[in-house]
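*Asks:* Got a structure here, written out as structure tokens. Questions coming.
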Amino acid sequence: MKRVFSGIKPTGHLTLGNYLGAMRRWSEVDQHGADALFCVVDLHALTVDHDPGRVRRLSRQAATLLLAAGLDPKLCTLFVQSHVDEHARLSYLLECVATDGEMRRMIQYKEKAAAERARGGSVRLSLLTYPVLMAADILAYGTDEVPVGDDQAQHVELTRDLAVRFNQRYGHTFVVPRTTHPQVAARVMNLQEPTSKMGKSDDTGPGIVYLLDEPEVVRKKIMRAVTDSGSDVVHDRRVRPGVSNLLEILAACTDADPGELAGAYATYGALKKDTADAVVELLGPVRRRHQELCADPAYVDQVLREGAGKAREMARPRVDAAYRAIGLLPAG
Ligand code: AQP
């Protein structure tokens with residue numbers, strides 16, 4: 001059975017982008033057809049200015065939301081990255097096969113470092129090395145497939161390069177993974193700035209639909225989405241980014257084709273209303289289940305504890321093998 005691994009970073013409240021680009025498929029497809037691991041990658045949340053209490057709260061919230069979105073601990077392994085030491089152990093070895101040039105070429109690094117500098121802050125070294133830790137997350141488990149949104153494609157490509165390089169230099173140790181993206185909504189855009197990705201740590205609140213937004217808030221945000229000049233409804237991201245984004249969100253929610261949907265609308269208003277209705281309907285069960293799970297924190301703790309135990313058992317043999325292969329003396 002193929003192995004699937006993916007993760008989510010507790011840097012903010014989870015968004016519609018996270019849901020449509022990744023989480024929904026994890027629960028509807030991946031956990032059923034694969035030996036699947038899903039991880040709250042909390043170490044990655046420390047790569048930018050962070051508040052320790054907030055990271056802890058968001059980690060718990062992310063795990064709870066993943067369960068609310070349908071991840072079933074009987075079908076998959078759900079855990080928190082920092083509970084499994086093998087990720088950090090392997091990351092250092094992979095730093096010894098990665099180059100600083102590769103790291104500096106990463107688009108997310110360039111964007112986040114520029115934003116940090118623009119705020120007058122300094123850039124953490126971990127922001128530069130974060131893709132190596134992500135590679136360790138993936139490679140520790142012999143992962144075949146990494147289901148992610150579009151924005152993570154470059155990092156998975158780097159992971160493949162590191163796996164191939166390590167295998168060539170030190171003997172076959174890692175499976176070389178491939179990435180998978182959803183067909184629609186692989187990159188949900190910000191409703192107020194439709195040429196930028198909807199990112200959970202952005203500051204543009206009205207442009208971001210959070211999974212835990214009240215239905216009325218969701219409606220308001222979508223009805224106020226920036227649309228394009230012109231009034232015909234066309235699916236063309238380059239010329240009509242705002243309308244195309246709404247079409248893709250609606251298509252993802254209703255399992256339709258965005259190009260075909262475009263033909264069904266004469267006005268932006270009708271498109272916005274249907275998109276708002278579809279998103280509210282899609283997120284309703286997730287919000288309700290999240291509320292129920294919040295009343296049972298011991299259950300969430302238990303899932304994460306058992307998940308970490310299983311993940312550790314899966315990762316350790318491969319990470320130990322990598323330590324031996326690279327030339328480190330085994331502990332007696
Ligand atoms: N806007 C998006 N559209 C489609 N997929 C998205 N993902 C994120 N944003 C969108 C996918 O969600 C998964 C988890 O993402 P992550 O938490 O690891 O971090 P990210 O990719 O950096 O997402 P954010 O929300 O933009 O976080 P910040 O603002 O902290 O950088 C991934 O599969 C991702 O592709």
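*Asks:* Among the listed residues 260, 313, 248, 306, identify the single one that is modelled with pLDDT under 95 and in a helix (DSSP H, G or I).
*Replies:* 260
*Asks:* Name the one entry in 3, 105, 54 that is at pLDDT 95 or above, within 14 Å of the ligand (Cβ to nearest atom) and not hydrophobic (A, V, I, L, M, F, W, C).
*Replies:* Of 3, 105, 54, the one residue that is at pLDDT 95 or above, within 14 Å of the ligand (Cβ to nearest atom) and not hydrophobic (A, V, I, L, M, F, W, C) is 54.
*Asks:* Same structure, new question: From (1) in contact with a helix residue (DSSP H, G or I) (Cβ under 8 Å, 6 or more places away or on another chain); (2) over 30 Å from residue 326 (Cβ atoms); (3) among the charged types (D, E, K, R); (4) not in a loop (DSSP other than H, G, I, E, B), pick out the condition that doesn't hold for residue 28.
*Replies:* Exception for residue 28: condition (1).
*Asks:* Is one or more of the residues making up the range 88-102 within 14 Å of the ligand (Cβ to nearest atom) and among the charged types (D, E, K, R)?
*Replies:* Within the range 88-102, not a single residue is within 14 Å of the ligand (Cβ to nearest atom) and among the charged types (D, E, K, R).
*Asks:* How many residues are over 17 Å from residue 187 (Cα atoms) and in contact (Cβ under 8 Å) with a residue 12 or more places away in the chain when one looks only at the range 233-261?
*Replies:* So the count comes out to 3.
*Asks:* In the range 22-51, how many residues are of a type in the set (Gly, Ala, Ser) and under 16 Å from the mean Cα position of the chain (by Cα)?
*Replies:* Summing the residues that are of a type in the set (Gly, Ala, Ser) and under 16 Å from the mean Cα position of the chain (by Cα) in the range 22-51 gives 4.
*Asks:* Suppose we keep only residues that are buried (at least 20 other Cβ atoms within 10 Å of the Cβ) and within 9 Å of the ligand (Cβ to nearest atom) within the range 187-196. Which one would you say is nearest to the chain's Cα centre (by Cα)?
*Replies:* 188
*Asks:* I'd like the residue in the range 10-28 that is farther than 14 Å from residue 252 by Cα and without any contact (Cβ under 8 Å) to a residue 60 or more places away in the chain and, out of all such residues, is farthest from the ligand (Cβ to nearest atom).
*Replies:* Taking the candidates together, the pick is 27.
*Asks:* So the check is Cβ under 9 Å with 6+ separation or different chains; which pairs have a first residue in the range 141-163 that's among the small types (Gly, Ala, Ser) and a second one that's assigned to a loop (DSSP other than H, G, I, E, B) and within 11 Å of the ligand (Cβ to nearest atom)?
*Replies:* 149/181; 149/182; 149/185; 149/186; 149/187; 149/188; 153/181; 153/186
*Asks:* What are the residues in the range 115-137 that are assigned to a helix (DSSP H, G or I) and touching a residue at least 60 places away in the same chain (Cβ under 8 Å), if any?
*Replies:* Residues satisfying the conditions are 116, 126, 127, 130, 133, 134, 137.
*Asks:* For the range 92-114, enumerate the residues that are of a type outside the set (Ser, Thr, Tyr), within 20 Å of the chain's Cα centre (by Cα) and either assigned to a helix (DSSP H, G or I) or farther than 19 Å from residue 48 by Cα (or both).
*Replies:* Hits for the range 92-114 are 103, 107, 108, 110, 111, 112, 113.
*Asks:* Of the residues 95, 86, which is closer than 30 Å to residue 168 by Cα, of a type in the set (Asp, Glu) and surrounded by 19 or more Cβ atoms within 10 Å (Cβ to Cβ)?
*Replies:* Being closer than 30 Å to residue 168 by Cα, of a type in the set (Asp, Glu) and surrounded by 19 or more Cβ atoms within 10 Å (Cβ to Cβ) holds for just one of 95, 86, which is 86.
*Asks:* OK, next. Applying the selection to the range 285-315, what residues are touching a helix residue (DSSP H, G or I) at 6+ places or on another chain (Cβ under 6 Å) and either farther than 23 Å from residue 65 by Cβ or among the hydroxyl-bearing types (Ser, Thr, Tyr) (or both)?
*Replies:* Within the range 285-315, 315 is the sole residue that qualifies.
*Asks:* Name the residue, out of 176, 164, that is more than 25 Å from residue 188 (Cβ to Cβ), touching a helix residue (DSSP H, G or I) at 6+ places or on another chain (Cβ under 7 Å) and surrounded by fewer than 17 Cβ atoms within 10 Å (Cβ to Cβ).
*Replies:* 176
The values are calculated or read from the model by the stated rules, or taken from the named source; none is laboratory data. All values reported here derive from a predicted model rather than from experimental measurement. Please note: Cβ atoms are built from the backbone with ideal geometry, for glycine as well, and neighbour counts cover all protein chains shown.
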